[in-house]
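Engineer: This structure is in structure tokens; I'll ask about it shortly.
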Amino acid sequence: MKCINGHFPVLYVHRGFKTHDFNKHIMKRDIDLIRTILIELEQKESPNDWFRPEIEGYSADVVSYHIKILSEAGYIEARDLSTKDGFNWVATSLTWQGHEFLDAARNDTIWQKAKVTLGKKLSSISMEVLKSLLTNLTKQQLGL
């Protein structure tokens, strides 16, 4: 669904929530979205350009929120360009820690294995625990 004049249509549904319910759910961390943002940010041509990817199935506010928390966690460099008219965080580059996590999370097979292993616990574990699991799964795959 496309954004029209900076707003989504009233009946836009995001992951099962109507727009008027959306703000109740923006604060939930979405690990798949985090991985996607890191992957897309790594592919940027310049570390100086502001960047907020348009990711199918996610509103601009949800992507901005995840950019904000990734910045707070030290995974990316980002700026708050929010105004009274709206929430707007943009990323500029990955940090060393962001590259390290992405290196552990990049392989689709290992990513899916980690998600299956953690199941419902995925949404409540720390990034450090997830990175550790991803690293261990990579070592198993390599026979180390």
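Engineer: Find out how many positive minus negative residues lie around Lys44, taking Lys and Arg as positive, Asp and Glu as negative, among other residues whose Cβ is under 15 Å from that of Lys44. Mind showing how you got there, number by number?
Structural biologist: Working: positive: Arg52, Arg79; negative: Glu40, Glu42, Glu45, Asp49, Glu54, Glu77.
Net charge in that neighbourhood comes out at -4.
Engineer: For region 60-144, how many pairs of lysine residues have a Cα-Cα distance under 16 Å, where the two are 8 or more positions apart or belong to different chains?
Structural biologist: On the way: Lys113/Lys121; Lys113/Lys131; Lys113/Lys139; Lys115/Lys131; Lys121/Lys131; Lys131/Lys139.
Number of lysine pairs found: 6.
Engineer: Where does the charge balance sit around Arg106 when Lys and Arg score +1, Asp and Glu -1, over other residues with C-beta under 10 Å from its C-beta?
Structural biologist: Result for the local shell: -2.
Engineer: Express in whole angstrom the spacing between the alpha-carbon centres of region 29-78 and region 85-144.
Structural biologist: About 14 Å separates the Cα centre of region 29-78 from the one of region 85-144.
Engineer: Then there is this: How far is it, in nm, from the label point at His99 to the one at Lys84 when both lie 7 Å from their Cα along the line to the Cβ?
Structural biologist: 4.2 nm
Engineer: Tell me the GluC sites (Glu not before Pro) within region 31-68 that lie in a loop according to DSSP and have at most 16 other beta-carbon atoms within 10 Å.
Structural biologist: Those satisfying the criteria are Glu45, Glu54, Glu56.
Rule-based calculations on the coordinates, nothing more; no lab input. Predicted model only: the values in this text are computed from it and were never measured. Note that each Cβ is placed from the backbone with ideal geometry, even for glycine, and that neighbours are counted across all protein chains shown.
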